[in-house]
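One structure is given below, encoded as structure tokens.
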Amino acid sequence: MNRFVIPIATAMLVLSLFCLTACTATTPAETFDTTAGVQAAQWGENVTITLGEDSFRYESDGLPNHDLPEKFLIPKNVRSQPFSDDSLEDFNVVLTEEYLTKSPIDVTLTLHPSYASKTQETSLGQIGFILSGARLFNDYENMDRSIVALDDNIAFDFDDSEHDHAAFVDDCNGHPLQDGSSYHYHGIPTCIVAVIDVAGEHSHMLGVLRDGFPVYGNQGANGVVVTNADLDDCSGHFEATPEFPNGIYHYHLTDDEAPYSIDCYKGEVTASTGG
Ligand SMILES: [Zn+2]
Ligand SMILES: [Zn+2]
């Protein structure tokens, strides 16, 4: 152990304590380097990652590379929220194979995310890009942020066979838009974390948000489940992760209660990442 580490750490602690009280408004943005994590992440074969100096490009056709249910419930009237009060006649039952369409993603994301001076609400639409080739959305299905998709889920069984079943949001916490495009997650993509996360370890990187900070499932240090109470207002915190052993600011998707997804950005969002 380098003998200078402790004095430097002490000095940084004193500085940050000073900043907590005295320079909240004027703290210069702290910038991170996510190159190692973007290289280490387990991107699907359907995702093309091109690393540059200061940014990387993420390209996919928008369709996830994991299994999907045979059918989805598509609301006939997108304004009839909450959908969970509706009956089967209020939905079209569609065959996934016929209904889901490609919706290409081609975005350039920073490799040097930095804290914004003020957090910014995530909008409806794509807020992040996941290993599977599909998008992450925030929690909401409506502009006034009152309907949480995962709390407004509904499913119908058509007979006793387990397969003849359709839900608004699938078991991986994803679904398409009403027109069959832009399959997206509103919470932990359970079918992905089941493959990449390891018991007893911090979750592995699921993807990157538009501000360049990485996003994870709900396992914190030593695999202990992370809930919203452990996180800041944007569902993030700073700690070591498998891809960033020296620590990084990152988001966690959670499953205890809303927000399940990410409702504000902690970092600066650049224009090249879609609206
Ligand atoms: Zn949705
Ligand atoms: Zn964490």
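The values are calculated or read from the model by the stated rules, or taken from the named source; none is laboratory data. Please read these numbers as outputs of a predicted model, since none were measured by experiment. Methodologically, a virtual Cβ is constructed for each residue, glycine included, from the backbone with ideal geometry; neighbour enumeration extends over all protein chains shown.
Take segment 151-167 and flag every residue that is within 13 Å of ligand 1 (Cβ to nearest atom) and not in a loop (DSSP other than H, G, I, E, B).
If the condition is that a residue be within 13 Å of ligand 1 (Cβ to nearest atom) and not in a loop (DSSP other than H, G, I, E, B), then Asp151, Asp152, Ala167 are the ones that fit.
Can you work out which of the residues in segment 66-110 that are among the hydroxyl-bearing types (Ser, Thr, Tyr) and in a loop (DSSP other than H, G, I, E, B) is surrounded by the fewest Cβ atoms within 10 Å (Cβ to Cβ)?
Only one residue tops the list, namely Ser87.
What residue, of Phe91, Phe72, is of a type outside the set (D, E, K, R) and touching a His at 6+ places or on another chain (Cβ under 9 Å)?
Phe72
Go through segment 128-142 and report how many residues are more than 20 Å from Glu45 (Cβ to Cβ) and not in a strand (DSSP E or B).
Residues that pass the stated criteria total 5.
Results for (1) within 16 Å of ligand 1 (Cβ to nearest atom); (2) touching a Leu at 6+ places or on another chain (Cβ under 8 Å); (3) of a type outside the set (Asp, Glu), shown as yes or no for each residue.
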residue: Ala149; (1), (2), (3): yes, no, yes
residue: Val169; (1), (2), (3): yes, yes, yes
residue: Cys191; (1), (2), (3): no, no, yes
residue: Ala199; (1), (2), (3): no, no, yes
residue: Asn222; (1), (2), (3): no, no, yes
residue: Thr227; (1), (2), (3): no, no, yes
residue: Asp233; (1), (2), (3): no, no, no
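Do we have any residue at all in segment 128-145 that's within 16 Å of ligand 2 (Cβ to nearest atom) and either modelled with pLDDT under 95 or of a type outside the set (Val, Ile, Thr) (or both)?
yes
Suppose we filter Gly180, Gly212 for residues that are at pLDDT 95 or above and either crowded, with 23+ Cβ neighbours inside 10 Å or among the aliphatic types (A, V, I, L, M) (or both); which single one remains?
Going through Gly180, Gly212 in turn, the sole match is Gly212.
List every residue pair whose Cβ atoms lie under 6 Å apart, where the two residues are 6 or more positions apart in sequence or sit on different chains, the first residue falls within segment 214-230 and is touching a residue at least 40 places away in the same chain (Cβ under 8 Å), and the second residue, located anywhere, is in a helix (DSSP H, G or I) and of a type in the set (Gly, Ala, Ser).
Pro214/Gly37
Enumerate the pairs (first residue in segment 53-72 and farther than 30 Å from Ala155 by Cβ; second residue anywhere and among the charged types (D, E, K, R)) with beta-carbon separation below 6 Å, excluding pairs fewer than 6 apart on the same chain, so at least 6 apart or on different chains.
Matching pairs, first to second residue: Glu59/Asp106.
Going through Thr96, Thr35, Thr48, Thr122 one at a time, which residue ends up being touching a Leu at 6+ places or on another chain (Cβ under 7 Å) and closer than 25 Å to Ser203 by Cβ?
Checking each option against the conditions leaves just Thr35.
Which one of the conditions (1) over 22 Å from Gln126 (Cβ atoms); (2) in contact (Cβ under 8 Å) with a residue 40 or more places away in the chain does Cys191 fail to meet, given that it meets all the rest?
Every listed condition holds for Cys191 apart from (1).
Filter segment 235-263 for residues that are among the small types (Gly, Ala, Ser) and not in a strand (DSSP E or B); which is nearest to ligand 1 (Cβ to nearest atom)?
My answer is Ser261.
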